[in-house]
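One structure is given here, and the rest of the page talks about it.
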Amino acid sequence: MKKVIVILGVIFGVIMSLNSCTKESEGSVVFWYGQETSEELADYNISTLKFYLAGELVGSTSADVYWYSKPDCGSNASITATINLGKYETQAYDYEVKDQYGNILWEGTINVNADECQALELQI
């Protein structure tokens, strides 16, 4: 009887340790826009942009900050959000970009992939 209890205990321990070994994944999104978009924003007296992913504020910037090409995730002055995807390889997230008055300028859904940097260009 003691052998059975010990064997069952070992089996239970192995099963529990295997279940706790699930890998957590992360993915990133970098928001960006070019000079033309920045100039259009200035024409409408938009000075500040706030970036939301899944309803959470992930950053803000002056509307006159722009890029000539897609920045890398985490680049200086970029708006980058890194997301814990848990056990999933891909998840869809809603995003919004608002001006200083709270008006939604851009909104949509982006797929965030594990171990990748998704660049989202905002255009007018």
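For segment 99-124, name all the residues that are part of a strand (DSSP E or B) and touching a Ser or Thr at 6+ places or on another chain (Cβ under 9 Å). Quick ask: steps written out before the conclusion?
Going through segment 99-124, the residues part of a strand (DSSP E or B) turn out to be 99, 104-113, 117-121.
Within segment 99-124, Asp99, Asn111, Val112, Asn113, Cys117, Gln118, Glu121 meet the criteria.
Cβ-Cβ below 6 Å, separation at least six or inter-chain, first residue in segment 105-124 and farther than 19 Å from Tyr52 by Cβ, second not in a loop (DSSP other than H, G, I, E, B): which pairs?
Sorted first by the residue in segment 105-124, then by its partner, the pairs are Asn113/Gly27; Asn113/Thr90; Ala114/Ser25; Ala114/Gly27; Ala114/Leu85; Glu116/Gly27.
Looking for something touching a Gly at 6+ places or on another chain (Cβ under 7 Å) and assigned to a loop (DSSP other than H, G, I, E, B) - is there at least one such residue anywhere in segment 73-89? Please lay out each step first, then the result.
Going residue by residue through segment 73-89, those that are touching a Gly at 6+ places or on another chain (Cβ under 7 Å) are 79-80, 83, 85.
From what's left, assigned to a loop (DSSP other than H, G, I, E, B): none.
No, segment 73-89 contains no residue that is touching a Gly at 6+ places or on another chain (Cβ under 7 Å) and assigned to a loop (DSSP other than H, G, I, E, B).
Throughout, read-outs are computed from the coordinates displayed, never taken from laboratory work. What you see is a predicted model, and the numbers here were worked out from it, not measured in a lab. Glycine gets a Cβ as well: all are built from the backbone with ideal geometry, and neighbour counts include every protein chain shown.
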